[in-house]
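These notes concern the structure reproduced below.
Bear in mind that the values in this text are calculations on the coordinates, not laboratory data. Keep in mind that this is a model prediction, so the values were computed, not measured. Ideal geometry is used to build each Cβ from the backbone, glycine not excepted, and the neighbour counts take in all protein chains shown.
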Amino acid sequence: MNLDNCPRCGKLFAKNFREVCVSCIKDIDREYEKCATFLRENRGASIYELSEETGVSVRQITKFIREGRISLINAPNMSYPCEVCATLIREGNMCTDCRAKLIKEVRSAGRLPADETRSSKSGGAYQIGDRLRND
């Protein structure tokens, strides 16, 4: 039996398929029901309005969206924060600006100055920049 502390409430529990204890699962399900009920009556609500009216955190609502429990299809004003800059988005984990910045940083990390490239080739050392350049 795997025992763990619940990350939400701190209680010791027998770890199951969910990462939280049974009482927290019930709390989360109640929070979901509050959100679902509010959204049925207020389809145009934003994530912040939903959070304020139901008392459910934006973070938990975002989890509901990512789990597919709350659909954005019938909620035109519903979006959730980008994990990097908190800009509201409707899909993925990052907004397009943060994604472009990450791609640019990854590409530039693969480029090494010319003298480093020569020394790594002649010295037999293999660097990540070499691998990226050859693929």
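A compact table of results
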{"quantity": "Cα gyration tensor shape for segment 13-58, rounded if a/c is under 1.5, else prolate or oblate", "calculated": "prolate"}
{"quantity": "Among the listed pairs Lys63/Lys101; Lys26/Lys101; Lys11/Lys101; Lys15/Lys63, those beyond 31 Å (Cα-Cα)", "calculated": "Lys26/Lys101; Lys11/Lys101"}
{"quantity": "Most to least packed among 95-107, 77-89 [average Cβ atoms within 10 Å]", "calculated": "77-89, 95-107"}
{"quantity": "Ser57-Asn77 pseudo-label distance in nm [points 7 Å out on the Cα-to-Cβ vector]", "calculated": "2.5 nm"}
{"quantity": "Additional length obtainable on full extension of the chain from Arg107 to Arg30, 0.36 nm per residue less Cα span", "calculated": "23.2 nm"}
